[in-house]
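S.K.: Handing you a structure now.
A short reminder: the numbers here are calculations on the coordinates, not readings from a lab. Just so we're clear, the structure is a prediction, and the values are computed from it rather than from any experiment. When we count neighbours, we look across all protein chains shown, and the Cβ atoms used for this are built from the backbone with ideal geometry, even at glycine.
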């Protein structure tokens with residue numbers, strides 16, 4: 001049975017005191033949740049303290065990115081070895097903002113996935129189309145190409161440790177949301193595509209998250225879809241009540 005997951009990506013938001021207050025508030029109100037894996041992804045400089053605060057809880061903690069390199073003269077970068085050493089479990093990879101603003105390619109994401117797997121970290125790997133690609137009816141071919149490139153050389157056994165997040169890029173920060181039907185259609189397509197490569201057992205146990213303006217008002221309808229296993233939450237993860245309400249939407 002695949003996991004139901006709600007992951008909060010804080011992006012470049014929150015001061016340290018505000019971030020710690022948010023974590024404490026979410027933690028205090030999370031006792032109502034059943035059978036949902038909560039994950040928080042604060043900025044790098046908050047991670048060590050977040051691990052310490054949530055050590056005795058069931059929370060997962062994620063970095064928002066990592067380097068594709070093992071180590072070396074890469075000023076400002078953070079390696080998977082460093083992340084593992086502070087007891088993180090997850091890393092978000094291939095986010096649309098990394099692709100758009102920092103020109104990350106499927107090849108770079110592939111190298112980062114391999115770094116995570118080599119160091120026992122679980123990648124939350126993002127895929128999705130921009131508005132023009134959706135309007136041109138290219139969304140399936142775009143996502144298929146991303147999947148092929150990002151998972152090149154990843155074995156079936158390794159794939160058991162991977163989570164996927166589908167991001168309709170046209171719905172991120174725009175107030176637009178993919179309809180439940182659109183979300184289900186793409187999630188089902190992703191699962192079928194991976195089933196062709198890795199087999200039914202792996203595909204059916206894979207958690208696929210929706211990552212496009214998910215909020216308390218639409219989460220229940222989105223999560224009711226058979227192939228939607230939770231959400232990668234942006235703005236709503238910065239408000240404790242909203243984040244908990246989304247997690248309670250299953």
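S.K.: Taking the Cα atoms of the chain, what is the range of coordinates along each of the three principal axes, in descending order and whole Å?
M.R.: 45, 45, 34
S.K.: Between residue 55 and residue 81, how many nm apart are label points set 7 Å from Cα along the C-beta direction?
M.R.: For residue 55 paired with residue 81, the spin-label model returns 2.4 nm.
S.K.: Let me ask you something else. Would you look at the GNM of the chain, springs on alpha carbons closer than 10 Å, and say which of 218, 110, 31 moves the most?
M.R.: Per the Cα network of the chain with a 10 Å cutoff, 31 tops the list.
S.K.: Given a 10 angstrom Cα cut-off, can you work out which residue in 122, 78, 172 is the most mobile in a GNM of the chain?
M.R.: Highest fluctuation of the listed residues: 78.
S.K.: Based only on the alpha carbon positions, what is the Kirkwood hydrodynamic radius of the stretch 120-228, in angstrom? Write down the numbers at each step before the final one.
M.R.: Working: mean 1/r = 0.0703 Å⁻¹.
For the stretch 120-228, inverting the mean 1/r across all distinct Cα pairs yields 14.2 Å.
S.K.: Note down the nm distance, to one decimal, between modelled labels 7 Å out along Cα→Cβ at residue 185 and at residue 137.
M.R.: My value for the distance between the label points is 1.1 nm.
S.K.: Which value at 222 nm does the chain reach when only helices count, each DSSP H run of 4 or more adding -39,500 (n - 2.57), with the total divided by all residues and rounded to the nearest 500 deg cm²/dmol?
M.R.: It lands at -12000 deg cm²/dmol.
S.K.: Post the alpha-carbon centroid distance, the stretch 90-107 to the stretch 158-207, in whole angstrom.
M.R.: Their Cα centres are 17 Å away from one another.
S.K.: Please report, in cubic angstrom per residue, the volume enclosed by the convex hull of the alpha-carbon atoms of the stretch 1-81.
M.R.: 119 Å³
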